[in-house]
Amino acid sequence: MTDIGYVRTEMLPEQDAPSSAVGVVHWIRVNLFSGWFNSILTILAIYFVASLLYGVLPWVFKSSWTAHSLNECRESIVAQYGEGATGACWAVIRERYLQLLYGFYPSELYWRVNLAFVGLLVAIAPVLFAGIPRKVLWFSAASPFAIFWLLWGGTIWLPLSVVAGFVLGYVAYVLVSKPAGSLAGTIAAFLVPVLWWLLLAAPVASGLQSIIPLASESVESARFGGFMLSVTIGVTGIALSLPIGIVLALGRQSDLWIVKTICVGFIEFIRGVPLITLLFVASTLLNIFLPPGTTFDIILRVMIMVTLFSSAYMAEVVRGGLAALPRGQYEAADSLGLDYWKAQRLIIMPQALKISIPAIVGNFIGLFKDTTLVSIIGLLDPIGLSTSIRANQEWNGIIWELYGFIALMFFIVCFSMGRYAMYLERKLKTGH
Amino acid sequence: MSQVIEREIDRSQMQVSDEIAIQITNMNKWFGSFHVLRDINLTVQRGERIVVCGPSGSGKSTLIRCINALEEHQEGQIIVDGTELSSDLKNVDKIRSEVGMVFQHFNLFPHLSILDNCTLAPIWVRKTPKKEAEEIAMHFLEKVKIPEQADKFPGQLSGGQQQRVAIARSLCMQPRIMLFDEPTSALDPEMIKEVLDTMIQLAEEGMTMLVVTHEMGFARQVANRVIFMDQGQIVEQNEPEEFFGNPKSDRTKLFLSQILNN
Ligand SMILES: Nc1ncnc2c1ncn2[C@@H]1O[C@H](COP(=O)(O)OP(=O)(O)OP(=O)(O)O)[C@@H](O)[C@H]1O
Ligand SMILES: [Mg+2]
């Protein structure tokens, strides 16, 4: 019998891992050449990417930045790089980038757009990142009105009377819910501001303006265009469609038959029609229904349609999140004595929205890209502008440079949204 | 099945007062056309500890869920702490904040830390200032012996710890009645004891408790009444000694022989 007892007498020192287990070589081995199949894929992929770059890079860099027409571009490229050379004509971007960014906004007022954009960034910061002081949220709440006033100008009484609508809604809620219950209060809080906005806000604003004139130079919607237009429509749609979508999703689950039917009807109708038909309705049909003589701003109409369209999808996304929550969460909230709205706000929605983050952000990205459809009803977003630039004699025939630039701008925005969503998901992860 | 509880139990505190905590009279409930609770009559004195047992599907959960209006009853009367449960939402909210409930699957809020789980309802329902709510929460977390987990999230705790947090969360509302729906059924055997210990401690402090459980050891030691339900009815109720030693109905005998044999 051999002795199986064993006692270590000398402890081993720590040693560096062999170079095959760490570092670049290790990474390449594990990730790119872990087997024959993986190795073949890697080689094919490298070949593909290399030939793509080989084709594209010369075009990107053998370019002309200074010409004033497409022909001039081509000539200067040939002159510089020899007969047969083809390259990008970035001169078109150089010449037209202001237009692509601001549309036909008066150039002496560009600062207003820039200021509005900075305001937007400051306003969304506390919403996006928890580290920003909470007080900035007050700025966020005020910023939509300030931003719209900056962009469109005109009397300051108009945005103020729109704000007054919210105040009236709150007052109506407090006054009505005391004697008549919170449902009646909610209805009043909805109806009073809507009536105010539709019927009284504009006359009151112009009345106040005639008493105390306070106005900045106004810029009409026809001059809006470029990325500024896309961002205006996109951000409005994004900011409004999530709350509206949440309300619709809750309405769809409601015990009140009439509320539920309205919500389901709305969602199913909107999801059943293409956005472009809604935009056509916005651009042409709506005028027929409005009282003659009223002007209802085209950009406002488009923003409403885009928001409604997106909120129907948002409602379904949120409903998916709600459905994924176990019933026990509702029961625990109920058994602690939380009422419906508190339970929704503190327990249900934070979890449902967290589950839905990827889909919600997917919707946001879709919405932002869909803003390019407004070019079809004649608004001058970057796509609309590119059509008119290409119709121009000098730039007739230019395609890749223009669309490449537009694509790049959209990519930056959409990619950032996607990355932010991933950051948020990681941050909110509380399980194992 | 029955967990041995090696522990001296202080019965001096476990006095039952004459005051009535819960009174259920001629209560009936249907799920659609299914008559799930039939003519339930039950009076619970303040300080009483009642264990409810019975085969699966007999309506135990439904009964105790009716007491804090998680389920609606269609006939009869339920009076909790002097307030009748009706469709009036004010009464419902009042009763719910007085009655704590512990679920089989804990139902902690996974997106909130343990401390936030415990302070949420006091802050939002009772309007307790945050600091005070946190002190109360820490007090009860100490009581269930996990104050050091306060900053973790539910997903990072073991089942037994989660259930103790759930008990602490209910206690933070300082309820006068506690309902337990199979609080140990989802736990591994070694964790059952820690939860039962917490519940025994509660009983010793005179809490009125209604516990659905098959832990007969717990029932023998703590309960002053055991109720046996079958097919939506209360079939037998008695003191634990009598109930286990000398069951009257055949159904009870059959049920006891089944659960005590495995
Ligand atoms: N929401 C519901 N809708 C319809 N039927 C239900 C519902 N909840 C429970 N039931 C039925 O009512 C009966 C009693 O259910 P209950 O959950 O009260 O039983 P239980 O005694 O708690 O059983 P278990 O020991 O399995 O938990 C069962 O037959 C069940 O199928
Ligand atoms: Mg049950």
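Enter the Cα centre distance for the pair the stretch A:347-397 and the stretch A:55-84, rounded to the nearest angstrom. About 31 Å separates the Cα centre of the stretch A:347-397 from the one of the stretch A:55-84. A straight line joining the Cα centroids of the stretch B:128-176 and the stretch A:191-210 runs 51 Å.
Across the stretch A:222-432, the mean sequence separation of Cα contacts (distance under 8 Å, 6 or more residues apart), normalised by length, yields a relative contact order of 27 percent.
Work through the residues other than A:Leu279 whose Cβ is under 12 Å from its Cβ and net out their charges, Lys, Arg +1 and Asp, Glu -1. Once all neighbours under 12 Å are counted, the net charge is -1. By a 1.4 Å probe calculation restricted to protein chains, B:His105 has an accessible surface near 120 Å², given to the nearest 10.
The order of B:Asp250, A:Asp334 by accessible area, most exposed first and with a 1.4 Å probe, is B:Asp250, A:Asp334.
Cross-link partners for B:Lys60 among the aspartates and glutamates, with Cα-Cα distance under 13 Å and sequence neighbours closer than 8 places in the same chain left out: B:Glu71, B:Asp181, B:Glu182, B:Asp230.
Across A:Glu268, A:Glu401, A:Glu108, mean-square fluctuation computed from a Gaussian network of chain A (C-alpha pairs under 10 Å connected) peaks at A:Glu108. A Förster radius of 45 Å combined with the Cβ-Cβ distance from A:Leu57 to A:Leu191 puts the calculated FRET efficiency at roughly 0.15. One chain, two ends: A:Val264 and A:Leu128. Fully extended at 0.36 nm per residue, the span grows by 45.9 nm beyond their Cα-Cα distance. Accessible area per residue was computed with a 1.4 Å probe on protein heavy atoms; B:Asp151 scores about 130 Å².
Give the lysines whose C-alpha is closer than 20 Å to that of A:Lys429, dropping any in the same chain fewer than 8 places away, or say none. Those lysines meeting the cut-off are A:Lys354, B:Lys152.
Couplings 3J(HN,Hα) for the stretch A:354-364, derived from phi with the Karplus relation 6.51 cos²θ - 1.76 cosθ + 1.60 (θ = phi - 60°), are 4, 4, 8, 3, x, 6, 5, 5, x, 5, 4 Hz, where x marks Gly and Pro.
Note on A:Phe139 and A:Asp16: with the Förster distance fixed at 35 Å, the Cβ-Cβ geometry gives a FRET efficiency of about 0.10. Distance from the alpha carbon centroid of the stretch B:71-126 to that of the stretch A:38-53 works out to 62 angstrom. For the stretch A:350-432, the relative contact order is 36 percent, taking Cα pairs closer than 8 Å that sit 6 or more residues apart in sequence and dividing their mean separation by the residue count.
Between B:Thr128, B:Thr119, B:Thr184, where does the largest GNM mean-square fluctuation fall for chain B, given springs only between Cα atoms within less than 10 Å? So, out of B:Thr128, B:Thr119, B:Thr184, the one fluctuating most is B:Thr128. Each label point was placed 7 Å from the Cα along the Cα-to-Cβ direction; for A:Thr9 and A:Asn396 their separation is 9.7 nm. Couplings 3J(HN,Hα) of the stretch A:377-387, computed from phi: 9, x, 7, 9, 6, x, 5, x, 5, 4, 4 Hz, in residue order, whole Hz [Karplus 6.51 cos²θ - 1.76 cosθ + 1.60, θ = phi - 60°; x for Gly and Pro]. Of B:Asp116, B:Asp188, the order by accessible heavy-atom surface (1.4 Å probe, DNA, RNA and ligands excluded), from most exposed downward, is B:Asp188, B:Asp116. Taking B:Phe34, B:Phe140, B:Phe243 as the candidate residues, the one with maximal mean-square fluctuation in a Gaussian network model of chain B, Cα springs under 10 Å, is B:Phe34. Bridgeable aspartates and glutamates around A:Lys369 (alpha carbons under 20 Å apart, same-chain partners fewer than 8 residues away excluded): A:Glu316, A:Asp381, A:Glu401.
Applying 1/(1 + (r/R0)^6) with R0 = 25 Å to the Cβ-Cβ distance of A:Val49 and A:Asn71 gives a FRET efficiency near 0.15. Normalised by the number of residues in chain A, the average gap of Cα pairs under 8 Å and 6 or more apart makes the relative contact order 15 percent. Summing +1 for each Lys or Arg and -1 for each Asp or Glu among the other residues whose beta-carbon sits under 9 angstrom from that of B:Glu98 gives +2.
Per residue, the solvent-accessible area of chain A (1.4 Å probe, heavy atoms of protein chains only, all protein chains present) comes to 59 Å². For the cross-link pairs A:Lys178/B:Lys127; B:Lys29/B:Lys145; A:Lys260/A:Lys342; A:Lys178/B:Lys143, the ones whose C-alpha atoms lie over 31 Å apart are B:Lys29/B:Lys145; A:Lys178/B:Lys143. Computed with a 1.4 Å probe over protein heavy atoms only, the accessible area of B:Lys143 comes to about 40 Å². Ranking of B:Phe244, A:Phe48, A:Phe33 by solvent-accessible surface, largest first: A:Phe48, A:Phe33, B:Phe244 (1.4 Å probe, protein heavy atoms only, all chains present).
For the peptide A:335-348, the mean number of other protein chain Cβ atoms found within 10 angstrom of a residue's Cβ is 6.
The values are calculated or read from the model by the stated rules, or taken from the named source; none is laboratory data. Computed from a predicted model, the values in this text were never measured in an experiment. Cβ coordinates were reconstructed from backbone atoms using ideal geometry, including for glycine residues, and neighbour counts include every protein chain displayed. Calculation scope for accessible area: heavy atoms of the full protein, side chains included, ligands and nucleic acids excluded. Shrake-Rupley method; radii C 1.70, N 1.55, O 1.52, S 1.80 Å.
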